[in-house]
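Structure record follows, encoded as structure tokens.
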Amino acid sequence: MKPGMLWRAALLLLMLVPAWAQAEPDGVVLRTQGTVTLDGEDGARALSRGDAVNRGAALRTGPGARAKIRMRDGTVLTLGADTVFRVERYRTGRDGEKPPEGVFRLLEGVFRAVTGAITDKGGQILMKTRVATVGVRGTDFWGGFYFSEALDVILLEGSGVFIRNGAGTVRLNRPKEMTTVRGPDRAPERPALIAPERLQRAAGSVAFD
């Protein structure tokens, strides 16, 4: 085949590829364990390694399941079992997307997050729940409705976490500090160092077998 014909064939093939397949996704699934699904307009579909996760996506994990997702800025999110999680807004600051931000929502379950370049650029990562919003910069933290019906948040490493709702705000500034939020109208509890046994249980809730 002549060079000109090869070029035209390649261009035609590119035109046939859907736009969503050409665009870089907001995130990608690194690993799954058990049943992990993505809710869409056409119903739920199973997720596996390499699948795209974009803003607006709602993920669900089944009993004993896990999912690890890397967002485009390097933020890594790990979901534990029986979790419902949504990507609400996501901008990396590239291509005129300003300000950079990642806004996620935890409806049920448990997660761990290690933030990436968004926070390095002065942006913020927010994790919203039904009782409080967690804000972070350059941080490794865990949170969820795991030990009880209340929301627990633990700072594992990094520069700090704030937890706020209409009743008040607290900050976790030291690794292994934890706070509990027992309702949207109750202020987050005063931070305290977490007991080693409870920290081990929290780590196990998002660990893969």
Residue pairs, Cβ under 6 Å, 6 or more apart or interchain, first in region 174-187 and small (Gly, Ala, Ser), second surrounded by 14 or more Cβ atoms within 10 Å (Cβ to Cβ). List them.
183/131; 187/167
Just to be sure I understand the filter: pairs with C-beta atoms under 7 Å, separated by 6 or more residues or on different chains, first member in region 19-32 and farther than 27 Å from residue 80 by Cβ, second member modelled with pLDDT of 75 or more and charged (D, E, K, R). Which pairs pass?
24/72
Selection from region 128-140 of residues surrounded by fewer than 24 Cβ atoms within 10 Å (Cβ to Cβ) and either more than 19 Å from residue 186 (Cβ to Cβ) or of a type in the set (Ser, Thr, Tyr) (or both) yields 129, 133, 137, 138, 139, 140
Could you say whether any residue in region 6-25 is modelled with pLDDT of 90 or more, crowded, with 19+ Cβ neighbours inside 10 Å and either in contact with a Lys or Arg (Cβ under 8 Å, 6 or more places away or on another chain) or more than 24 Å from residue 204 (Cα to Cα) (or both)?
no
Go through region 177-209 and give me each residue that's part of a loop (DSSP other than H, G, I, E, B), surrounded by 15 or more Cβ atoms within 10 Å (Cβ to Cβ) and either under 20 Å from the mean Cα position of the chain (by Cα) or modelled with pLDDT under 95 (or both).
205, 206
Of the conditions (1) out of contact with any Lys or Arg (no Cβ under 9 Å at 6 or more places or on another chain); (2) closer than 16 Å to residue 144 by Cα; (3) without any contact (Cβ under 8 Å) to a residue 24 or more places away in the chain, residue 65 satisfies every one except a single condition; which number is it?
(3)
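For (1) closer than 20 Å to residue 165 by Cβ; (2) at pLDDT below 95; (3) touching a Gly at 6+ places or on another chain (Cβ under 6 Å), each residue gets a yes or a no:
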{"position": "48", "(1), (2), (3)": "no, no, no"}
{"position": "59", "(1), (2), (3)": "no, no, no"}
{"position": "65", "(1), (2), (3)": "no, no, yes"}
{"position": "78", "(1), (2), (3)": "no, no, no"}
{"position": "103", "(1), (2), (3)": "yes, no, no"}
{"position": "110", "(1), (2), (3)": "yes, no, yes"}
{"position": "117", "(1), (2), (3)": "no, yes, yes"}
{"position": "127", "(1), (2), (3)": "yes, no, no"}
{"position": "130", "(1), (2), (3)": "yes, no, no"}
With 93, 64, 123, 50 as the choices, which residue is buried (at least 17 other Cβ atoms within 10 Å of the Cβ) and on the phi > 0 side of the Ramachandran plot?
93
Enumerate the pairs (first residue in region 192-205 and more than 16 Å from residue 179 (Cα to Cα) and in contact (Cβ under 8 Å) with a residue 40 or more places away in the chain; second residue anywhere and surrounded by 13 or more Cβ atoms within 10 Å (Cβ to Cβ) and of a type in the set (A, V, I, L, M)) with beta-carbon separation below 7 Å, excluding pairs fewer than 6 apart on the same chain, so at least 6 apart or on different chains.
205/110
Among the residues of region 128-137, are any of a type in the set (Val, Ile, Thr) and closer than 18 Å to residue 81 by Cα?
yes
Could you list, in sequence order, all residues of region 132-176 that are over 17 Å from the mean Cα position of the chain (by Cα) and of a type in the set (D, E, K, R)?
149, 164, 171, 174, 176
When region 25-54 is checked residue by residue, the ones that are assigned to a loop (DSSP other than H, G, I, E, B) and under 20 Å from residue 108 (Cβ atoms) are 34, 35, 47
Under the condition of being in a strand (DSSP E or B) and among the acidic types (Asp, Glu), which residue from region 128-168 is nearest to residue 115 (Cα to Cα)?
140
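The values are calculated or read from the model by the stated rules, or taken from the named source; none is laboratory data. Because the structure is a prediction, the values reported are computed rather than measured. Methodologically, a virtual Cβ is constructed for each residue, glycine included, from the backbone with ideal geometry; neighbour enumeration extends over all protein chains shown.
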